[in-house]
1. Looking at ARG32, ARG41, ARG27, which is the one that is under 25 Å from the mean Cα position of the chain (by Cα), part of a helix (DSSP H, G or I) and over 18 Å from SER190 (Cα atoms)?
2. Just wondering, is there one or more residues in region 198-213 that are at pLDDT 95 or above, part of a strand (DSSP E or B) and basic (Lys, Arg)?
3. From VAL148, VAL119, which residue is surrounded by 15 or more Cβ atoms within 10 Å (Cβ to Cβ), farther than 28 Å from TYR345 by Cβ and over 19 Å from the mean Cα position of the chain (by Cα)?
4. Filter region 91-105 for residues that are within 21 Å of ALA294 (Cβ to Cβ) and touching a residue at least 40 places away in the same chain (Cβ under 8 Å); which is surrounded by the fewest Cβ atoms within 10 Å (Cβ to Cβ)?
5. Identify, from the list LEU114, LEU108, LEU130, LEU155, the residue that is open to solvent by less than 20 Å² (accessible area, probe 1.4 Å) and not β-branched (Val, Ile, Thr).
6. Cβ-Cβ distance below 8 Å, separation of 6 or more or different chains: which pairs start in region 318-337 with a residue that is of a type in the set (Asp, Glu) and end on one that is surrounded by 14 or more Cβ atoms within 10 Å (Cβ to Cβ)?
7. Restricting attention to region 208-230, report how many residues are of a type in the set (S, T, N, Q) and open to solvent by 10 Å² or more (accessible area, probe 1.4 Å).
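The values are calculated or read from the model by the stated rules, or taken from the named source; none is laboratory data. On a predicted model such as this, the values are computed, not experimentally measured, just so you know. Cβ sites come from the backbone with ideal geometry, for glycine too, and all protein chains shown count toward neighbours. When the accessible area is computed, the model is the full protein with side chains, heavy atoms only, and any ligands, DNA or RNA have been set aside. Shrake-Rupley method; radii C 1.70, N 1.55, O 1.52, S 1.80 Å.
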Amino acid sequence: MRFVPEQYAITGRTAAELAASVEAAIRRGELRPGAHLPPIRALAASLDASHVTVAAAYRRLRERGLAVGAGRAGTRVAAQPPLPVRRGLPIPAGVRDLVDGNPDPDLLPDLPVLSPKHVLYGMDPRDEELLERVGSAFATDGIPAEHVTIVSGALDGLERLLDAQVRPGDRVAVEDPTFPRVLDLLASLSLQVEPMAIDEAGPRPEALERALRRGVEALIVTPRAQNPSSAAIDAERAAELRRVLADHTGLLVIEDDHAAGIAGAPAHSVCSGRERWAVVRSFAKGLGPDLRVAALAGDEVTIARVEGRQFLGIGWVSHILQRTVAAMLGDPKTSKQLALAERTYGQRRQALVEALADHGVTSLGRSGHNVWVPVTDEATVVAGMLVAGYAVGAGERFRLASPPAIRITTATLGPEEAPAVAAAVVRAVKGERRTFSA
């Protein structure tokens, strides 16, 4: 059957025009994230264009992070293209939201009222009190704090680190499964992803060894509250990973400690003694997502490059935000609230893990506020949970080569609700098995 380009609103004669047409279709919502683009030769025939021209257009789209190669399946729109597009479908009324990944608003500390104080051009872009507090916290966890700067959240820190230290086409090792926006960020920077299998203690040493043999230039790991698996690196695993990394002195190792303060597990760093390293510590999960502030510790050269590039762009992170975070970190009430939040998230997460185990269902829930449940057919289980009144996340958007699973966010899930959710999972899994047996 001949492909009809009007269905996708792809028009143009040159590679630039074709790429612009696809970008416009994505922006208008005519091509949704994850949608497959037409085969190169089919589109070329329908437009009476050269397949070389279409291939060049698709290459432009991949370079911009708008599209990704899917092997034999061709080319598809990126899961999160760098455009203002809406992801996913709205959750129906009456359905319990266990998919959004947000912290519980009731467990966030109160925001302080700050006295007015202007910061002018040429002044230190970093708040002195915030640097002192985050530096002390880093040092307590055994992370060197001689070189620290402030960025606008964990992902902003990751982007600045990668932009400063790696080049388009370089390979970057990431956990599998991993946070989708990290994959989207790597795609937008034209970096190649090298997946590493993980277990409840983080990256498996043999998986890291394989990634290193593939010639990666950077490694991104999550020391605790890994999203989506909730893995947390313990002292033994951290030592194993450091031994594997010992001979790769030029490798940039980045730790994304996005849930500091409420993770439910201590920080065990793999960066100790390295030449090129960075630890990004965000405050969004514990203090509030709207506080777009993260502390970034690292070696002298890496931090200097990040600060230099930041100066050429936004200049600095607003001191209003920096002072707000500093005031909250210095408030004993915030410390008590964070401790309460960490205990509560742990109880909620563990309640679901135990309720699932009572039904013989294996899950991962070591830290953070997600539970990762291996299944055979994600779509069937997600649909079954929706029928039961629960919205959960399909693992597909988190996975590269790892097996299917679903993610259940437990941030607002009371322990008394866990048995009902677990029972719904069991029913959905049984429905999955009936589907396969049919």
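1. Result of the check over ARG32, ARG41, ARG27: ARG27.
2. No, region 198-213 has no match at all.
3. Checking each option against the conditions leaves just VAL119.
4. Applying the filter and picking the extreme gives ASP100.
5. LEU130
6. Partner pairs satisfying both residue conditions: ASP331/PRO109; ASP331/PRO112.
7. Number satisfying all stated conditions: 2.
Conditions tested, residue by residue: (1) outside any loop (DSSP other than H, G, I, E, B); (2) open to solvent by less than 10 Å² (accessible area, probe 1.4 Å).
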site: LEU186; (1), (2): yes, yes
site: VAL193; (1), (2): yes, no
site: ALA232; (1), (2): no, yes
site: ALA239; (1), (2): yes, no
site: ASP247; (1), (2): no, no
site: ASP256; (1), (2): yes, no
site: ALA260; (1), (2): no, no
